[in-house]
Amino acid sequence: MCGIVGYNGKNKAIDILLDGLSKLEYRGYDSAGVAVQEKDIKIYKAKGKIINLEEKLKNKKLNGTCGIGHTRWATHGEPSETNAHPHVSNDQSVTLVHNGIIENYQELIKKLQKHGYIFYSQTDTEVLANLIDYYYKKYKNGPSDAINRTMVRVRGSYAIAVMFKNHPDEIWVARKDSPMIIGKGKDGVYLASDVPAILKYTNNVYYIDNLESACLKKDEIIFYDLNGDTIEKELKVIDWDITSAEKEGYEHFMIKEIHEQPEVIKKTISSYINDGSIDFTKCNLTKDILKNVEQIYIVACGSAYHVGVCASYVIEDLARVPVRVDVASEFRYKNPLLKENDLVIIISQSGETADSLAALREAKNRGIKTLAIVNVVGSSIAREADYVLYTLAGPEIAVATTKAFSTQLIVSYLLAIELACAKKQIDKEVYSDLLKEMQSLPEKVNNILNDDLKGIQKIASELSSAQDAFYIGRGLDYAISLEGSLKLKEISYIHSEAYAAGELKHGTISLIEDNTLVIGVVTQEAVYEKTLSNLTEVKARGGYILTISPDNIDVSKVSNYKISIPKTNKFFYPSLTVIPLQLLGYYIAVSRGVDVDKPRNLAKSVTVE
Ligand code: F6R
């Protein structure tokens, strides 16, 4: 999705803007642009990669120390230089960048056309520049008033950064439902859609809330509410390390992040275990609250939804609490059946996914308790949920999630165990056995990463010409198959699907022909024989079978190729099986020459519906 950066301080703005934009590339974009305050505001835009913009800027001497920048992910209007941001008002009094969608832009364009405004782009953003200009000139009450009137008039989501011709060396910002943070460093103030863009300069940030605005001066930030009154904000510290947002010698962020998993899993476990017990006091989630939960709804998108599916198996089995899992875009519109003692859990790495945020609000509006499992501190979902359990994955840059997924799994296990304890479904011995086994996961993940890379690389290059792939398993093996299949298709562009192994016979088996790739995840002892029968059926029809299983399960008869994983408790297998599944997706994509960190059409954080 679109990314915004801004800088106002002592140094040359253009270098900081371009550096920030390159850090936001992972969000997905198709054009980029900057505006820098020189004598006048200078604007440069280019279609395609940031390198095209840099090319345009090559011989330009931009020494200004105040500016804004943007990466655009097209929603309204094709990717083009004209549609790229910044956009300007008719007489260039207002220059603006925007992330989000203005839903009533057609109606506003008509209104402004009646006042003589003309429009040059196909975007919904251009209307914002002209509407701010209109109110600025009509009421003559300055930028804050013009922005506030605009916020009242528009429908949709936005994070905007605005420069006014008549207010040089100031950047004005405002937001509703789209992410934005403001950083304060020793050499100036910074603005970004996401932490990695400014982490190099500062980790002291302000969060700006919905329908608030701010004026960023060189050494001062003034915040306003919708009435135009100033408000005080607390400076927060982000304890992410800058190196975690750099590649550090790895070819791609994705493989770097895969290798970070032992460490971030360990960090996440340790942050919630105190003296041999789970401790959620940081987030005020007491055993008493958990004891009264009668039903759980887990709501999320994409991979985070797959964590929800895994969590549903573990929670129902361990804590005997019914769990429903929904994709957020469905939940929000289906009039969900929620009851007083339900708990709605939202899982999200970014904490900004539009549908997940809307689902959270839907639950809150109905008076239902909400718990967020989130990675980005201070994100909208984290700020709005009643309780927050943070994952400690650090910044995740690759579009395809890996380490955030793994830490979300860990938090789900912890929650399941604590819930089971609160509900008196497990005794002390089972409780401490589970915690002990969970604490061994980082080492087991590490072993998979160290042992099997060559083998997986080899099989990946053999399989890279596959047209289709089917992932099958039962129970938690099915849940993790969903993730394995997504990992493959999103970065390698190979068609893949995941099925509950028992479902195969109800239609899909007709697609199996000679050498169709079928990946069988076989870890669950109670059902492994049944999965083996399903794999045998596939093999009899010519399928090429890759199995992922611990050595105590004999898969030799069905496997063309086997990946071994260490043994663990049945609930924790997804944390181990996901590693070869991620590696397989990664290496197949690499052998197909795909830009693994930025797969086509995808955005890291989906902040529009
Ligand atoms: C896939 C992937 C996506 C995200 C989904 C939700 O690899 O990363 O499917 O899981 O877009 O994003 P968050 O977790 O930020 O809400």
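The values are calculated or read from the model by the stated rules, or taken from the named source; none is laboratory data. What you are looking at is a predicted structure, and each value in this text was computed from that prediction instead of being measured. A quick note on method: Cβ atoms are made from the backbone with ideal geometry, for glycine too, and the neighbour counts reach across all protein chains shown. Note: accessible area is taken over every heavy atom of the protein model, side chains too, but ligands, DNA and RNA are not part of it. Shrake-Rupley method; radii C 1.70, N 1.55, O 1.52, S 1.80 Å.
Within straight-line reach of residue 10, meaning a Cα separation under 15 Å, sit the following aspartates and glutamates at least 8 residues removed in sequence or on another chain: 38, 169, 170, 187, 219, 220.
Is the C-alpha gyration tensor of region 223-291 telling us rounded, prolate or oblate? Criteria: a/c under 1.5 is rounded; beyond that, a/b larger than b/c is prolate, otherwise oblate. Judged from the Cα gyration tensor, region 223-291 comes out oblate (a/c at least 1.5, b/c at or above a/b).
Working note: Cα gyration tensor of region 3-238, eigenvalues times five, square-rooted, sorted largest first, giving semi-axes of 24, 21, 16 Å.
Note on region 1-105: Rg/Rh from C-alpha atoms, Kirkwood Rh, equals 0.94. Translational diffusion coefficient, Stokes-Einstein: compute it for region 116-183 using the Kirkwood radius over C-alpha pairs as Rh, at 20 °C and 1.002 mPa s, and state it as an integer in µm² s⁻¹. Result for D is 168 µm²/s.
Gain on full extension, evaluated as 0.36 nm per residue between residue 440 and residue 513 minus their Cα-Cα distance, stands at 22.2 nm.
Across all C-alpha atoms in region 452-594, the radius of gyration and Dmax reach 13.5, 40 Å. First check a/c for region 434-518, with a ≥ b ≥ c the square roots of the eigenvalues of its C-alpha gyration tensor; if it is under 1.5, answer rounded, and if not, answer prolate when a/b is larger than b/c or oblate otherwise. Judged from the Cα gyration tensor, region 434-518 comes out oblate (a/c at least 1.5, b/c at or above a/b). The angle between the Cα long axis of helix 126-139 and the longest principal axis of the Cα atoms of the chain comes to about 40 degrees, rounded to the nearest 10. Relative to the longest principal axis of the Cα atoms of the chain, the long axis of helix 441-451 makes an angle of roughly 80 degrees. Beta bridges from DSSP with both residues in the chain: antiparallel share about 60 percent, rounded to the nearest 5. Under a 5 Å amide H cut-off, with hydrogens placed 1.01 Å from N, residue 231 pairs with 223, 224, 225 among residues at least 5 apart or on other chains.
Over 20 Å apart at the Cα level, from the set 403/444; 530/562; 233/369, are 233/369.
Taking the Kirkwood radius as the inverse of the mean 1/r across Cα pairs, report the Rg/Rh of the chain. Value, to two decimals: 1.00.
Taking the accessible area of region 328-467, probe 1.4 Å, and keeping the other protein chains in place, the carbon and sulfur fraction comes to 46%.
Which net charge results when you count Lys and Arg as +1 and Asp and Glu as -1 among the other residues whose beta-carbon is under 13 Å from that of residue 572? With Lys, Arg at +1 and Asp, Glu at -1, the neighbours total -1.
Derived scalar couplings between HN and Hα for region 172-182 equal 9, 10, 7, 8, 8, 6, 10, x, 6, 10, 10 Hz in order, rounded to whole Hz, by the Karplus curve 6.51 cos²θ - 1.76 cosθ + 1.60 (θ = phi - 60°), x for Gly and Pro. Reported to the nearest whole Å, the Cα centre-to-centre distance from region 28-43 to region 523-597 is 49.
Quick check: from the Cα gyration tensor, does region 249-439 come out rounded (a/c under 1.5), prolate or oblate? Here region 249-439 falls in the oblate category.
Rounded to the nearest 10 degrees, the inclination of helix 403-422 to the longest alpha-carbon principal axis of the chain is 60 degrees.
If you take every residue apart from residue 545 with its C-beta less than 15 Å away from the C-beta of residue 545, what net charge results, scoring Lys and Arg +1 and Asp and Glu -1? So the surrounding residues net to -3.
A straight chain from residue 111 to residue 289 at 0.36 nm per residue would run longer than the Cα-Cα distance by 59.0 nm. Protection proxy ranking for 368-375, 209-216, using the average of other Cβ atoms within 10 Å per residue and placing the highest first: 368-375, 209-216. Give me the percent of Cα-Cα pairs in region 298-379 that sit more than 16 Å apart, rounded to a whole number. For region 298-379, the fraction of Cα-Cα distances above 16 Å is 47 percent.
With 27 Å as the limit, the listed pairs 423/570; 56/165; 49/487; 60/256 have 60/256 beyond it between alpha carbons.
Placing a label point 7 Å from the Cα of residue 230 along the Cα-to-Cβ direction, the residues of region 186-213 whose backbone N falls under 19 Å from that point are 189-190, 206-209, 212-213. What is the set of long-range amide H partners of residue 493 at a cut-off below 5 Å, with H atoms built 1.01 Å from backbone N? The answer is none.
Sorting the segments 107-113, 26-32 by their residues' average number of neighbouring beta-carbon atoms within 10 angstrom, most packed first, yields 26-32, 107-113.
Derived scalar couplings between HN and Hα for region 309-316 equal 5, 4, 4, 4, 5, 5, 5, 5 Hz in order, rounded to whole Hz, by the Karplus curve 6.51 cos²θ - 1.76 cosθ + 1.60 (θ = phi - 60°), x for Gly and Pro.
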